[in-house]
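I have placed the structure first, in the form of structure tokens, so that the comments after it can refer back to it.
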Amino acid sequence: MAGRPGAGSRGRNEPGQEHHPAADELVRPPAGQHVDVRLTASNGYRAERSYSIASPPEDGRLTLTVERVRDGEVSSYLLDELRVGDDLEFRGPIGGYFVWSRNHGGPICLIAGGTGITPLMAMLRHREKSSDATPALLIYSARSLADVVYRKELDAMASRDDDLRLVYALTREQPSDWLGHCGRIDEALLAGHCFPREQNPTSFVCGPTDFVESIARMLVRLGFDPLTIKTERFGPSGG
């Protein structure tokens, strides 16, 4: 889903359609930010949800990743009812803490749980689009390979970039020939793959609240400076 970001602005659902607004109306959100999507019914009822931006600043348009929530008001509308050309109301882009830009300095360790990959995907896309050579690691926890969002794109990125490493942790289902990590991310996995503390890496952790808090605690126990651990939590919102 794509549209133009901007505080209180309206965008159009334009999947796969090229859109080139004039430079003075274009906002290029730093990788990692989010927007609020507001729906207003004819009777005046409003529902609003926050969605991370998956597109990099270089794209010039806004792409969101929407997970279907059972009985969710906003996600159901976006996935089932929204049509090409429909208007959407956005607020944002929002957030200045959980962001990354090229020439940040030091390697980056991205740790995602489920659709927590979304803002991290924006960072990886920005890194590639800007030809940045910052060493990067993505550790991605998902129920199964089928639940790895953007898997084909991630695998393609890693295949052409020796400075990008991917680690998938499959918590429920693994292929019969799976040689990767089985189960949840644990300290041993982090210790075996994260960049050494001496390299002063910055960690970005995004996913459900329990996942994020658990990963952050493990990183601290492994000796990483809490100031270098940035977190973004997905809490219950009603969809």
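Every number in this text was worked out from the coordinates using simple rules, so none of it is lab data. Everything quoted here is computed from the prediction, not taken from an experiment. Quick reminder, even Gly has a Cβ in these numbers, built from the backbone with ideal geometry, and neighbours come from all protein chains shown.
Relative contact order of the chain: what whole-number percent is it, with Cα pairs under 8 angstrom and at least 6 residues apart?
Details: 484 pairs, mean separation 47.0, N = 239.
Relative CO of the chain lands at 20 percent.
Exactly which trypsin sites (Lys or Arg not before Pro) in the stretch 153-228 are in a DSSP loop and have at most 15 other Cβ atoms within 10 Å? Working shown, then result.
On the way: sites: 160, 165, 172, 184, 197, 217, 221; in loops: 160, 172, 184.
Hits after loop and neighbour filter: 160, 172, 184.
Can you tell me the alpha carbon radius of gyration of the chain divided by the globular rule-of-thumb value 2.2 N^0.38 Å?
On the way: Rg = 18.1 Å, N = 239, 2.2 N^0.38 = 17.6 Å.
In units of the 2.2 N^0.38 Å rule of thumb, it is 1.03.
Residue farthest toward the positive end of the dipole of the chain, with Cβ of Lys/Arg at +1 and Asp/Glu at -1: which of 150, 54, 101?
Sorting the options by dipole projection puts first 101.
Return the calculated 222 nm mean residue ellipticity for the chain, to the nearest 500 deg cm²/dmol, obtained by summing -39500 (n - 2.57) across DSSP H runs with n ≥ 4 and dividing by the residue count.
Result for the chain, helices only: -5500 deg cm²/dmol.
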